[in-house]
Each structure stands twice: as structure tokens, then as C-alpha cells.
Amino acid sequence: MPLLQKDEGQKYTYADTLSWPNKERWELIDGRPYDMTPAPTTRHQQIAARFYTRLEACLEGKSCVPFIAPTDVVLSQHDVVQPDLFVVCDGTKITKANIQGVPDVVVEVMSPATALKDRREKKALYERFGVREYLLIDPDGEYVERFIRQEDGLFGKGEIFSPRDGLVLHAIPEVTINLWEVFQVGKTEDA
């Protein structure tokens, strides 16, 4: 995810990004723009789609709403991201154009181009703004790493889930995602 070649000292805002070419997708972290190209791989998109489909089915009839990229999440005028998947449980944050505020759950499907940013910049951003649960999906390694917001406001130590686990969301405990369905692997008797 290359940084936009603009004035390094300038902090950009969400309003600035709206004036940039429509064919381009950008994220802002602390006012620094990140280009959202190249497009994700087919494996990335399949994993995201399968996770979203299961999430949507689990949330049917509940007050929480799942979203999939590209949807702008406006955390502040200098912090605007497009997570691969996320869940908002407070309907007042949902507008026609974007999400205004912090999602309850954020899911990023990592790729070689995004893994460092997802683990470092985005994790710090989500922690700072109070995301309750942050999931990193590694499509190649076939695992999910979860970070849960603790009472001190920081993410706790990451938990690792294998493709044979059922992942019960901490922020929405009535939701369980069967990871063997997401990664399309068989579930064994001892899993």
C-alpha cells in the first residue's frame, strides 16, 4: 500500500480524499494517505466473501449490521479506512454515504501488500479509537488472529484460531463463525 506522493508534511482530511480521482481508493491514517491498489487477490476476496456471508447469516434479525469493503469508516477528519469487513451495532453511526464512528468488530484479510500496515498502523488506529474486537485473517497461513479491547482501553495479547476452529465473537457472543467453512477445509473429530 504505497503512500500517496504528496507533501509529506501535510495532513490530509476526508474532504481532501473526496476530491481525488473517483477511480482511486484511499485510506487516511493520521492524515497520511494510503493507496488501496492493487486490487485484492481472488483468494483474498473468496475468504472475505465467505466470512461476510456467515457473519450476515448470524446477524440476521439482530441490531448489528455487517459491511464489506469498499465502505468508508470515518473515525475522524484525518482517519478514514475501508476495512475488508466490519460490524456496526449502533445504527446512528450508519449514514447513506459512510459510517461515522467506530465499528464494534473490524476484520482485515491480509495480503503481502497489506500485512504490515494491518498489523501495525491499522491495529494502533483501531486500538486508539476503541474498536472492541479486531480480527486479522491470513489466507495463506489459514489462521485468524484476534485482538480484544481490554478494560484499560488497549488490545490484549492476540489469540490464534486455526481453520478447524469455531470463532465466537467476543463483541457479539451469539455469533460463531466456523472457520473451516471460511477456509474451506474439513473439520476433524478432534478439532
Filter on Lys62/Lys93; Lys23/Lys122; Lys23/Lys117; Lys117/Lys157; Lys23/Lys123 - keep pairs with C-alpha separation over 25 Å: Lys23/Lys123
Selected from Ala15, Thr42, Pro163, residue furthest toward positive end of dipole (the chain; charges at beta carbon): Ala15
- line: Going from the fewest other Cβ atoms within 10 Å to the most, one would list Ile148, Ile47 as Ile148, Ile47
message: Please give the charge dipole size of segment 41-183, origin at the Cα centre, charges +1 on K and R Cβ atoms and -1 on D and E Cβ atoms. Round to the nearest 20 debye.
response: 200 debye
field: Stretch in the chain that is longest and holds no GluC sites (Glu not before Pro) that DSSP places in a loop and that have at most 13 other beta carbons within 10 Å
entry: 61-150
field: Helical contribution to [θ] at 222 nm, DSSP H n ≥ 4, -39,500 (n - 2.57), averaged over the chain, rounded to 500
entry: -5000 deg cm²/dmol
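Values quoted throughout were computed directly from the atomic coordinates according to the rules given, and no laboratory measurement underlies them. What you see is a predicted model; the values in this text were computed from it and never measured. As a convention, Cβ positions derive from the backbone with ideal geometry for all residues, glycine included, and neighbour counts pool all protein chains shown.
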